[in-house]
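Student: I have a structure here, written as structure tokens, and I will follow up with some questions on it.
The values are calculated or read from the model by the stated rules, or taken from the named source; none is laboratory data. No experiment lies behind these values; they were computed from the predicted model shown. Positions of Cβ are generated from backbone atoms using ideal geometry, with glycine treated the same way; all protein chains shown enter the neighbour counts.
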Amino acid sequence: MIWNEKIECASRDEMTHIQSENLIKTVKRIYHNIPSYRAKMQEKGLLPGDIKSVEDLSKLPFTNKSDLRDNYPFGMFSVPMSEIVRVHASSGTTGKPTVVGYTRNDLQMWAEVVTRALCMAGVHKNDIVQIAYGYGLFTGGLGLHYGTENLGATVIPISGGNTKKQIQLMQDFGTSVIACTPSYALFMAEIMEEMGIAPDSLNLRGGIFGAEPWSENMRREIESKLELKAIDIYGLSEVVGPGVSCECEQQAGMHVNEDHFIPEIIDPETLEPVPKGELGELVFSTVTKEGIPILRYRTRDLTRLNYQKCTCGRTLVRMEKCTGRSDDMLIIRGVNVFPSQIESVLLEMSETEPHYQLIVEREGTLDVMKLLVEVQEQFFSDEIRELEALRKKITANIQGTLGISVDVKLVEPKTIERTSGKSKRVIDNRKI
Amino acid sequence: MKAKQVSVFLENKSGRLNEVAQILGEAGINISAFTVADTSDFGVLRLIVSEPEKAYSVLKENQFSARTTDVVLANSPNRPGALSKMLKILNAEGVFIEYLYAFTMNEETAVIVIRPTNIDKCIASLEKNRDALLSNNNYKL
């Protein structure tokens, strides 16, 4: 089923027209309400009137994650707080979280795009949807929740974790669709196997997986182990949360809800738009959001766009599965991790810059993060219990900052390989 | 007497202990005693050597994490019961010990290496009880 056929199957001309109208309004709104972006436009000598259609989009300055951080917590909001009905914050970023705010209209729009996404995935009103994304500041849980309710399907708001209970409810409630991170889906499959539960004894038929990168191989593995159709959903809190784009049952790229979020692909080096269909960094402009409208937000995700009409009937542009990042961010168990966060935790604990190396592995189905820290003289104590205490303190501080566990290992100085003076900070051994 | 002990951070990797021994040997430094405190991943090698400051610098030059720590070297009769007597006294005087180890000089004399929380208190306590400790003869501090 197509939830909003008029939009999802609109001709390119119709879509461009809708986008242009909304873009013009959004540029005005931002220019008048967000001083930091107005300053950026003024620097380029741009007035709101200079933006007449989506054709002019590339004239506008970019927004970076740092802009949100610099204006922490509410400096990028374009309405008074009395209009904001909810905030979300992204999982640990460098230093401070990035905060986003939603008006009542924003929440309605978000529910609409998630409902479209669920329909793309083949979910219908008779489904029982178990939402195993975290509920809370993270957009995953609540985003899926209201979209599912809006569709009229049944929500099981179980949130993340508690795997045995997840499985028990799948059995007892007859869950037909599961929504979680793809690595958690594989983990659940593993536990099911241990518990001796065959997937065909369950009612599962679909899975909505996102919040971390995953490959076609992983899709095949999930589909065969859980006996369901695995659908990729994409989103980021800066744009709205899950539901920015989603695959349809053709599993041939994620349809972008582009009447709300206009995608562009740029060259991350030159910052110029790339020719149609080429790989580059994904940039989004939200053109209907009120709480925190954002123009040309650099997602740092690498992908390409396909404007061909899909066999499902939708004309919404499709983005490929993201193949990588244009920065050093890692996504570990759905959590964004920047090496600089680890650096700042270590710096807080010592006066000189510590050498460290982050090693990410996939053990079974879960990502594990190992951190090697060189014991320089400033760290070295003659007493084992102090060294152990140091190790525990690093572990706790990093866990506190990132929100995920880390296995800290103290190593001798100069054991971490250095490349032209700088050490190799991150080794990602995951084969996704 | 108060002495400098050299401590070295070591990962539990084969050959590392020998590297330290070789570096010290080549620098002409004699090792009188050593002990290794270890955990599953790493250990701390503690050494009593002929020239602690020199040992510290050559280890640093070779990129080991090293430091020197003050310890007490107490000579004790190499006899049954002597260690117990010393520990009893230190306990009675309220001297807390982080760790200790020992080596023997000869048939007559052993040396106890003590890392107390309070060095001066430890030395004072041993001085004060010199006679009791020496009852087995041959006690030197």
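Student: Filter segment B:68-96 for residues that are charged (D, E, K, R) and either crowded, with 17+ Cβ neighbours inside 10 Å or within 11 Å of B:Pro116 (Cα to Cα) (or both) and give the result. Before the answer, list the steps.
Tutor: Going through segment B:68-96, the residues charged (D, E, K, R) turn out to be B:70, B:79, B:85, B:88, B:93.
The answer is B:Asp70, B:Lys85.
Student: While we're on this one: If you check A:Ser53 against the conditions, is it outside the structural domain of A:Phe338 (by TED's automatic domain parsing) and touching a helix residue (DSSP H, G or I) at 6+ places or on another chain (Cβ under 6 Å)? First the steps, then the outcome.
Tutor: Details: outside the structural domain of A:Phe338 (by TED's automatic domain parsing): yes; touching a helix residue (DSSP H, G or I) at 6+ places or on another chain (Cβ under 6 Å): yes.
Judged against the criteria, A:Ser53 is a match.
Student: Would you pick out the residues in segment A:360-370 that are modelled with pLDDT of 85 or more, in contact with a Leu (Cβ under 7 Å, 6 or more places away or on another chain) and surrounded by fewer than 21 Cβ atoms within 10 Å (Cβ to Cβ)? Before the answer, list the steps.
Tutor: Taking segment A:360-370 first, the residues modelled with pLDDT of 85 or more are A:360-362, A:367-370.
Now narrow it down to the ones that are in contact with a Leu (Cβ under 7 Å, 6 or more places away or on another chain): A:360, A:369.
The answer is A:Val360, and nothing else.
Student: Taking the options A:Ser405, A:Ser344, A:Ser381, name whichever one is free of Cβ contacts under 8 Å to residues at least 60 places away in the same chain and away from every other protein chain (no Cβ under 14 Å). Even if it seems obvious, please write down each step before you answer.
Tutor: Details: A:Ser344 fails: free of Cβ contacts under 8 Å to residues at least 60 places away in the same chain; A:Ser381 fails: away from every other protein chain (no Cβ under 14 Å).
Exactly one residue qualifies, and that residue is A:Ser405.
Student: Give the residue that is nearest to A:Glu216 (Cα to Cα), with candidates limited to residues of segment A:297-335 that are of a type in the set (Lys, Arg) and in a loop (DSSP other than H, G, I, E, B). Lay out the reasoning, then the answer.
Tutor: Applying the first criterion (of a type in the set (Lys, Arg)) to segment A:297-335 yields A:298, A:300, A:304, A:309, A:314, A:318, A:321, A:325, A:333.
Those still in the list that are in a loop (DSSP other than H, G, I, E, B) too: A:304, A:309, A:314, A:321, A:333.
Details: A:Arg304: 16, A:Lys309: 22, A:Arg314: 22, A:Lys321: 9, A:Arg333: 18 Å.
The residue in question is A:Lys321.
Student: How do the pairs read when you match residues in segment A:213-236 that are assigned to a helix (DSSP H, G or I) and surrounded by fewer than 23 Cβ atoms within 10 Å (Cβ to Cβ) with residues anywhere that are at pLDDT 95 or above and basic (Lys, Arg), using Cβ under 8 Å and keeping only pairs 6 or more apart or on different chains?
Tutor: A:Glu223/A:Lys229
Student: From the list A:Lys392, A:Lys414, which residue is on the phi > 0 side of the Ramachandran plot, within 14 Å of chain B (Cβ to nearest Cβ) and not aromatic (Phe, Trp, Tyr)?
Tutor: Details: A:Lys392 fails: on the phi > 0 side of the Ramachandran plot.
One residue alone meets the criteria, A:Lys414.
Student: Consider A:Arg318 against the criteria (1) more than 23 Å from A:Gly134 (Cα to Cα); (2) touching a residue at least 40 places away in the same chain (Cβ under 8 Å); (3) not assigned by TED's automatic domain parsing to the domain that holds A:Gly161: it satisfies all of them except one. Which criterion is unmet?
Tutor: Answer for A:Arg318: the failing condition is (3).
Student: Could you tell me whether any residue of segment A:167-189 is closer than 24 Å to A:Val368 by Cα, of a type in the set (D, E, K, R) and not assigned by TED's automatic domain parsing to the domain that holds A:Asn336?
Tutor: Step one: of segment A:167-189, the residues closer than 24 Å to A:Val368 by Cα are A:167, A:178-189.
Narrowing the set further to residues that are of a type in the set (D, E, K, R) leaves none.
So far as segment A:167-189 goes, no, none of its residues is closer than 24 Å to A:Val368 by Cα, of a type in the set (D, E, K, R) and not assigned by TED's automatic domain parsing to the domain that holds A:Asn336.
Table: residues versus (1) at pLDDT below 95; (2) in the same structural domain as B:Ile114 (by TED's automatic domain parsing); (3) in contact with an Asp or Glu (Cβ under 9 Å, 6 or more places away or on another chain).
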| site | (1), (2), (3) |
| --- | --- |
| B:Leu10 | yes, no, yes |
| B:Lys13 | yes, no, yes |
| B:Arg46 | no, no, yes |
| B:Ser50 | yes, no, no |
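Student: Just wondering, is there one or more residues in segment A:357-370 that are within 14 Å of chain B (Cβ to nearest Cβ) and farther than 29 Å from A:Pro213 by Cβ?
Tutor: Scanning segment A:357-370, I find no residue that is within 14 Å of chain B (Cβ to nearest Cβ) and farther than 29 Å from A:Pro213 by Cβ, so the answer is no.
Student: Quick one: which of A:Gly147, A:Gly161, A:Gly136, A:Gly141 is in contact with a His (Cβ under 9 Å, 6 or more places away or on another chain) and either not assigned by TED's automatic domain parsing to the domain that holds A:Glu348 or not β-branched (Val, Ile, Thr) (or both)?
Tutor: On the way: A:Gly147 fails: in contact with a His (Cβ under 9 Å, 6 or more places away or on another chain); A:Gly161 fails: in contact with a His (Cβ under 9 Å, 6 or more places away or on another chain); A:Gly141 fails: in contact with a His (Cβ under 9 Å, 6 or more places away or on another chain).
Within the list A:Gly147, A:Gly161, A:Gly136, A:Gly141, the selection yields A:Gly136.
Student: Sort through A:Gln341, A:Gln378 and tell me the only one that's assigned to a loop (DSSP other than H, G, I, E, B) and not hydroxyl-bearing (Ser, Thr, Tyr).
Tutor: Working: A:Gln341 fails: assigned to a loop (DSSP other than H, G, I, E, B).
Of A:Gln341, A:Gln378, the one residue that is assigned to a loop (DSSP other than H, G, I, E, B) and not hydroxyl-bearing (Ser, Thr, Tyr) is A:Gln378.
Student: Related question: Filter the helices (runs of 4 or more DSSP H) completely within segment B:10-106 down to those with at least 3 residues that are touching a residue at least 12 places away in the same chain (Cβ under 8 Å) and away from chain A (no Cβ under 14 Å).
Tutor: Numbers: elements: B:16-26, B:52-61, B:82-92.
Helices (runs of 4 or more DSSP H) meeting the threshold: B:52-61, B:82-92.
Student: Criterion first (surrounded by fewer than 20 Cβ atoms within 10 Å (Cβ to Cβ) and part of a strand (DSSP E or B)) does A:Val155 satisfy it? Lay out the reasoning, then the answer.
Tutor: Numbers: surrounded by fewer than 20 Cβ atoms within 10 Å (Cβ to Cβ): yes; part of a strand (DSSP E or B): yes.
So A:Val155 fits the description; yes.
Student: Give the number of residues within segment A:205-224 that are over 15 Å from the mean Cα position of the chain (by Cα) and closer than 15 Å to A:Thr181 by Cβ.
Tutor: Start the filter on segment A:205-224 by keeping residues that are over 15 Å from the mean Cα position of the chain (by Cα), which leaves A:205-207, A:215-224.
Those left that are additionally closer than 15 Å to A:Thr181 by Cβ: A:207, A:215, A:218-219, A:221-222.
So the count comes out to 6.
Student: If you don't mind, there's one more thing I want to ask. Could you identify the single residue in B:Val36, B:Val6 that is in the same structural domain as B:Ala55 (by TED's automatic domain parsing), modelled with pLDDT under 95, under 16 Å from the mean Cα position of the chain (by Cα) and surrounded by 12 or more Cβ atoms within 10 Å (Cβ to Cβ)? Walk me through it before giving the result.
Tutor: Values: B:Val6 fails: modelled with pLDDT under 95.
Residue meeting the stated conditions: B:Val36.
Student: Identify all residues within segment A:196-212 that are of a type in the set (A, V, I, L, M) and either in contact with a strand residue (DSSP E or B) (Cβ under 8 Å, 6 or more places away or on another chain) or free of Cβ contacts under 8 Å to residues at least 12 places away in the same chain (or both); write none if there are none.
Tutor: Of segment A:196-212, the ones of a type in the set (A, V, I, L, M) are A:197-198, A:202, A:204, A:208, A:211.
Within segment A:196-212, A:Ala198, A:Leu204, A:Ile208, A:Ala211 meet the criteria.
Student: While we're on this one: Considering every residue within segment A:193-214, establish whether at least one is at pLDDT 95 or above and among the basic types (Lys, Arg).
Tutor: yes
Student: Among the residues of segment A:13-64 satisfying the criterion of being over 25 Å from the mean Cα position of the chain (by Cα) and in a loop (DSSP other than H, G, I, E, B), which is surrounded by the most Cβ atoms within 10 Å (Cβ to Cβ)?
Tutor: Filtering first and then ranking leaves A:Ile51.
Student: Does any residue of segment A:401-410 turn out to be loosely packed, with under 15 Cβ neighbours inside 10 Å, among the hydroxyl-bearing types (Ser, Thr, Tyr) and over 25 Å from the mean Cα position of the chain (by Cα)?
Tutor: Scanning segment A:401-410 turns up no residue that is loosely packed, with under 15 Cβ neighbours inside 10 Å, among the hydroxyl-bearing types (Ser, Thr, Tyr) and over 25 Å from the mean Cα position of the chain (by Cα).
Student: When B:Val6 is evaluated against the numbered criteria (1) over 25 Å from B:Met105 (Cβ atoms); (2) at the interface with chain A (Cβ under 10 Å from one of its Cβ atoms), which criterion, by number, is the only one it fails?
Tutor: (1)
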